[in-house]
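Q: First the structure, then my questions, so here it is.
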Amino acid sequence: MKKILILNGHPNEAALCGSLAQKYFDGAKDAGFDVKLVHLSRLQFDPILHKGYLQIQELEPDLVQIQKDILWSEHIVIVHPIWWGTVPALLKGFLDRVLLPGFAFKYRKDNPLWDRLLKGRTGRLIITTDAPWWWNKFVNWNPAIHMMKTTVLEFCGVKPVKVTQFDEVKNRKAPQIEAFLQKTYELGKKGI
């Protein structure tokens with residue numbers, strides 16, 4: 001039974017991202033997967049990495065638990081909107097505080113390479129954006145997707161990472177939003 005961790009990176013749990021995260025959860029649960037859903041907005045933690053990696057801050061209890069959940073998981077799903085070409089500050093602060101050296105990656109001494117400590121896990125990004133998909137891809141060069149897929153998850157060893165993007169959400173009518181939710185439910189049922 002695949003162990004799936006879903007992280008909702010939108011600071012407003014009632015937003016579309018929260019509904020998408022719930023639909024993925026429902027699909028995975030209905031398929032019999034072992035699944036956990038975490039809304040980052042419910043966690044108590046300081047999102048600022050005050051001294052960078054020069055001095056690691058003590059982790060708050062919620063972050064200690066999330067690290068345990070990440071190690072428990074076999075598939076990590078992150079749901080978030082694209083804001084200003086990237087992720088919300090809450091999600092960025094979460095990544096800074098949780099994916100620490102020695103936990104998610106480890107630099108090698110006198111070597112430009114690193115060890116990917118989260119190997120063996122797969123990933124899925126479910127992203128919402130108000131812009132058309134082609135604008136994000138051809139004008140903006142997909143910075144949020146590149147960041148989350150390549151420089152965060154794959155950097156830490158999570159691979160492959162699949163991407164589902166729902167675009168022009170501010171202009172979508174109810175039947176189109178329902179189709180997004182149904183597609184996400186089906187992804188959850190497949191555990192992909």
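Q: Roughly to the nearest percent, how much of the accessible area of the range 3-190 is carbon and sulfur, given a 1.4 Å probe? Don't jump to the answer; show the numbers that get you there.
A: Details: 5450 of 9770 Å².
Ligands and nucleic acids excluded, carbon and sulfur reach 56 percent.
Q: To continue, here is another question. With unit charges on the beta carbon (Lys/Arg positive, Asp/Glu negative), name the residue among Gly85, Leu7, Met148 whose Cα is farthest towards the positive pole of the charge dipole of the chain.
A: Ranked along the dipole, the leading option is Met148.
Q: About the Cα centre, and with charges only on the beta carbon of Lys, Arg (+1) and Asp, Glu (-1), how big is the dipole of the range 1-147? Nearest 20 debye, please.
A: On the way: 18 positive and 14 negative charges, 98 e Å.
The calculation lands at about 460 debye.
Q: Let me ask something additional. Scale the Cα Rg of the chain by the rule-of-thumb value 2.2 N^0.38 Å and send over the ratio, two decimals.
A: Details: Rg = 16.5 Å, N = 192, 2.2 N^0.38 = 16.2 Å.
Cα-based Rg divided by the globular estimate yields 1.01.
Q: Rolling a 1.4 Å sphere over the protein heavy atoms, what is the accessible area per residue of the chain, to the nearest Å²? Don't skip to the answer; put the middle values down first.
A: Details: 10060 Å² over 192 residues.
Per residue, the chain has 52 Å² of solvent-accessible surface.
The values are calculated or read from the model by the stated rules, or taken from the named source; none is laboratory data. This one's a predicted model, so the numbers in the text were calculated from it and none came from an experiment. Cβ sites come from the backbone with ideal geometry, for glycine too, and all protein chains shown count toward neighbours. Note: accessible area is taken over every heavy atom of the protein model, side chains too, but ligands, DNA and RNA are not part of it. Shrake-Rupley method; radii C 1.70, N 1.55, O 1.52, S 1.80 Å.
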